[in-house]
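K.L.:
Sending over a structure as structure tokens; questions will come in a sec.
The values are calculated or read from the model by the stated rules, or taken from the named source; none is laboratory data. What you are looking at is a predicted structure, and each value in this text was computed from that prediction instead of being measured. Don't worry about glycine lacking a Cβ; one is built from the backbone with ideal geometry, like all the others, and counts go over all protein chains shown.
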Amino acid sequence: MKRCQRFFAAGSLLAGLMFSNQQVKAQIFRIAEMNTRQIKVLNLQKTVVLIPGGIPEEHGPYLPSYTDGYAIDAYTQELARAIVARPGWTVVLFPQIPLGNDPANTIGAKRIFPGSYPIRMATLRAVYMDLANELGEQGFRWVFLVHNHGAPNHHKALNQASDYFHDVYGGTMVHLFGLKPVFLCCGIEDKMFSNKEREEEGFTVHAGADEQSEILFLRPEFVPQDYREAESLTGKNFADLVRIAKVDGWPGYFGAPRLASAAMGAQAFALSSQKLNEMALQILDGLDYKKIPRYADEMDPLNIVGEGAELEYEQMQEKRELDWLRANHIQ
């Protein structure tokens with residue numbers, strides 16, 4: 001994973017990976033660098049395709065828009081290492097797909113926001129269903145999607161594409177961060193914050209101290225030092241976040257970025273990566289992923305973040321695109 005080479009050169013924080021870089025490289029391949037002969041000799045019964053995602057999404061003035069992508073790169077690398085630690089298993093890394101649905105600015109009904117470049121839910125689902133077709137037709141059996149963006153419709157699109165792969169091709173495709181035990185891991189604020197700091201961070205789902213800390217750890221060169229002076233935007237629940245995000249001039253984050261630290265990011269990343277790897281390995285061992293609770297399924301009844309309204313807006317976008325195509329006689 002080229003974006004995180006500095007981090008991994010310094011050594012992983014996760015324990016138990018006691019094999020050499022040479023051994024790892026021998027079992028981890030990048031599909032973009034493989035020729036047809038190399039692909040044809042893969043043992044598809046013991047080959048896992050990892051497809052990292054990453055939505056370009058505003059993260060306020062103190063984090064890069066590709067915050068999710070940088071984190072996902074790192075998670076994917078650690079997951080690849082954990083899989084090939086098992087004798088006989090091979091990992092094929094797919095190029096990162098920088099596409100996602102429903103950025104956090106829509107919480108405040110701000111559909112246009114500097115740094116956010118989403119695609120429609122139907123488009124996202126179609127992209128991954130198309131990839132499911134190609135991988136399934138070629139006989140691949142194991143596919144893990146690595147994408148930690150939290151919007152419910154985004155989760156649903158990846159879950160539906162995964163279920164399609166399973167039902168049509170009989171293989172296993174899993175949106176790993178869509179699984180509740182992975183997505184809701186691991187409460188790092190409770191472990192590292194004082195009660196006063198935890199109260200200041202409040203209920204946050206985007207670009208707060210947790211994400212700020214993760215990027216301070218993984219890619220500190222992208223973090224301006226004035227994050228320490230950031231105003232805290234504290235909410236107690238989703239309704240509070242909607243109110244905060246609707247304010248004119250909302251900077252694009254919730255919580256208390258000023259409380260972030262690289263040390264907190266290191267611990268959060270290690271815990272989340274460990275849970276991600278643990279769940280993936282259990283699935284490879286036969287655990288039925290459909291029996292694991294999914295985060296999006298529990299978000300459905302809430303609809304407080306305006307998912308229905310967002311879908312209506314996307315349908316309007318689709319109609320505009322189709323009308324243009326028809327008007328220009330494009331099939």
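K.L.:
Would you call Leu135 at pLDDT 95 or above and within 15 Å of the chain's Cα centre (by Cα)? Lay out the reasoning, then the answer.
P.N.:
Values: at pLDDT 95 or above: yes; within 15 Å of the chain's Cα centre (by Cα): no.
Criteria not met by Leu135.
K.L.:
A follow-up question, please. If we keep just the residues of the stretch 223-243 that are under 12 Å from Phe203 (Cβ atoms) and in contact (Cβ under 8 Å) with a residue 60 or more places away in the chain, which is surrounded by the fewest Cβ atoms within 10 Å (Cβ to Cβ)?
P.N.:
Checked the stretch 223-243; the qualifying residue surrounded by the fewest Cβ atoms within 10 Å (Cβ to Cβ) is Ala239.
K.L.:
For the stretch 163-178, what are the residues that are touching a residue at least 60 places away in the same chain (Cβ under 8 Å), under 18 Å from Gly286 (Cβ atoms) and crowded, with 23+ Cβ neighbours inside 10 Å?
P.N.:
Val174, Leu176
Each row is one residue, and each column tells you yes or no for (1) basic (Lys, Arg); (2) modelled with pLDDT of 95 or more; (3) farther than 22 Å from His206 by Cα; (4) surrounded by fewer than 16 Cβ atoms within 10 Å (Cβ to Cβ).
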| site | (1), (2), (3), (4) |
| --- | --- |
| Arg219 | yes, yes, no, no |
| Asp248 | no, yes, no, yes |
| Ala256 | no, yes, no, no |
| Ser272 | no, yes, no, no |
| Met279 | no, yes, yes, no |
| Asn303 | no, no, no, yes |
| Glu307 | no, no, no, no |
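K.L.:
Pairs under 8 Å by beta carbon, first residue more than 14 Å from Leu158 (Cβ to Cβ) in the stretch 48-60, partner among the charged types (D, E, K, R) and modelled with pLDDT of 95 or more, six or more apart or different chains?
P.N.:
Sorted first by the residue in the stretch 48-60, then by its partner, the pairs are Glu57/Asp68; His59/Glu211.
K.L.:
Considering Leu284, Leu311, Leu271, Leu218, which residue is closer than 20 Å to His155 by Cβ, in contact (Cβ under 8 Å) with a residue 60 or more places away in the chain and touching a helix residue (DSSP H, G or I) at 6+ places or on another chain (Cβ under 8 Å)?
P.N.:
Numbers: Leu284 fails: closer than 20 Å to His155 by Cβ; Leu271 fails: closer than 20 Å to His155 by Cβ; Leu218 fails: closer than 20 Å to His155 by Cβ.
Of the residues listed, the single one that is closer than 20 Å to His155 by Cβ, in contact (Cβ under 8 Å) with a residue 60 or more places away in the chain and touching a helix residue (DSSP H, G or I) at 6+ places or on another chain (Cβ under 8 Å) is Leu311.
K.L.:
How about the stretch 307-328: which of its residues are part of a helix (DSSP H, G or I) and more than 11 Å from Arg120 (Cβ to Cβ)?
P.N.:
Going through the stretch 307-328, the residues part of a helix (DSSP H, G or I) turn out to be 307-327.
Scanning the stretch 307-328 gives Glu307, Gly308, Ala309, Glu312, Lys319, Arg320, Leu322, Asp323, Trp324, Leu325, Arg326, Ala327.
K.L.:
Does the stretch 109-156 hold any residues that are assigned to a loop (DSSP other than H, G, I, E, B) and closer than 30 Å to Gln45 by Cα, and which are they?
P.N.:
To start, the set of residues in the stretch 109-156 that are assigned to a loop (DSSP other than H, G, I, E, B) comprises 109-120, 138-141, 147-151.
Correct list: Gln138, Gly139, Phe140, Arg141, His147, Asn148, His149.
K.L.:
How many residues, within the stretch 179-201, are surrounded by fewer than 20 Cβ atoms within 10 Å (Cβ to Cβ) and not charged (D, E, K, R)? Full working, then the answer.
P.N.:
Step one: of the stretch 179-201, the residues surrounded by fewer than 20 Cβ atoms within 10 Å (Cβ to Cβ) are 180-181, 184-187, 190-200.
Applying the additional criterion that residues be not charged (D, E, K, R) yields 181, 184-187, 192-195.
So the count comes out to 9.
K.L.:
Return the residues of the stretch 110-143 that are farther than 23 Å from Gly171 by Cβ and either in contact with a Phe, Trp or Tyr (Cβ under 6 Å, 6 or more places away or on another chain) or charged (D, E, K, R) (or both); say none if nothing qualifies.
P.N.:
Passing the criteria: Lys110, Arg111, Arg120.
K.L.:
Right, next: Inside the stretch 119-161, can you point out the residues that are under 17 Å from Pro52 (Cβ atoms), touching a Leu at 6+ places or on another chain (Cβ under 7 Å) and among the aliphatic types (A, V, I, L, M)?
P.N.:
Across the stretch 119-161, the qualifying residues are Ile119, Leu124, Val127, Val143, Leu145, Val146, Ala157, Leu158.
K.L.:
Continuing with this model, one more query. Return a yes/no flag: does the stretch 233-242 have any residue that is assigned to a helix (DSSP H, G or I) and among the charged types (D, E, K, R).
P.N.:
From the stretch 233-242, those assigned to a helix (DSSP H, G or I) are 238-242; that's our starting set.
Filter again for among the charged types (D, E, K, R), leaving 240.
Within the stretch 233-242, one or more residues are assigned to a helix (DSSP H, G or I) and among the charged types (D, E, K, R).
K.L.:
Return a yes/no flag: does the stretch 193-202 have any residue that is under 28 Å from Leu158 (Cα atoms) and touching a residue at least 60 places away in the same chain (Cβ under 8 Å). Spell out how you get there, then give the answer.
P.N.:
Looking only at the stretch 193-202, we keep the residues that are under 28 Å from Leu158 (Cα atoms), and these are none.
The answer is no, given that none of the residues of the stretch 193-202 is under 28 Å from Leu158 (Cα atoms) and touching a residue at least 60 places away in the same chain (Cβ under 8 Å).
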